[in-house]
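The values are calculated or read from the model by the stated rules, or taken from the named source; none is laboratory data. Since we're looking at a predicted model, the values are computed, not measured. Here the Cβ positions follow ideal geometry from the backbone for every residue, glycine too, while neighbour counts run over all protein chains shown. Each accessible area value is taken on the protein alone, full model and side chains, heavy atoms only, with ligands, DNA and RNA left out. Shrake-Rupley method; radii C 1.70, N 1.55, O 1.52, S 1.80 Å.
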Amino acid sequence: MAQNIKIRNISPLGDLDVPLLGQIVKYGETVSIPKAAADKLLAQDQNFEQVGGN
């Protein structure tokens with residue numbers, strides 16, 4: 001079973017169109033995504049932060 005990670009959009013640009021997810025993530029929105037995708041997006045530390053202890 002794949003592990004999901006919760007991340008939040010903290011981008012100074014506001015809402016982000018995230019092709020990796022195929023969706024727009026609104027500013028302040030938290031999404032639960034597969035760990036592999038989260039690892040890539042969390043590398044953009046100006047745009048995303050991990051939520052919770054996952």
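General observations
Residue by residue, here is whether (1) open to solvent by less than 70 Å² (accessible area, probe 1.4 Å); (2) modelled with pLDDT of 95 or more holds:
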| residue | (1), (2) |
| --- | --- |
| GLN3 | no, no |
| ILE7 | yes, yes |
| PRO12 | no, yes |
| ASP15 | no, yes |
| THR30 | yes, yes |
| LEU42 | yes, yes |
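- Test for ILE24: is it surrounded by fewer than 14 Cβ atoms within 10 Å (Cβ to Cβ) and in contact with a Leu (Cβ under 9 Å, 6 or more places away or on another chain): yes
- Strands (runs of 3 or more DSSP E) wholly inside the chain containing at least 2 residues that are touching a Lys or Arg at 6+ places or on another chain (Cβ under 9 Å): 4-9, 30-34, 48-51
- Pair list, Cβ under 9 Å, 6 or more apart: the range 5-34 residue closer than 15 Å to GLY52 by Cβ and among the charged types (D, E, K, R), other residue open to solvent by less than 60 Å² (accessible area, probe 1.4 Å) and part of a loop (DSSP other than H, G, I, E, B): ARG8/GLY28
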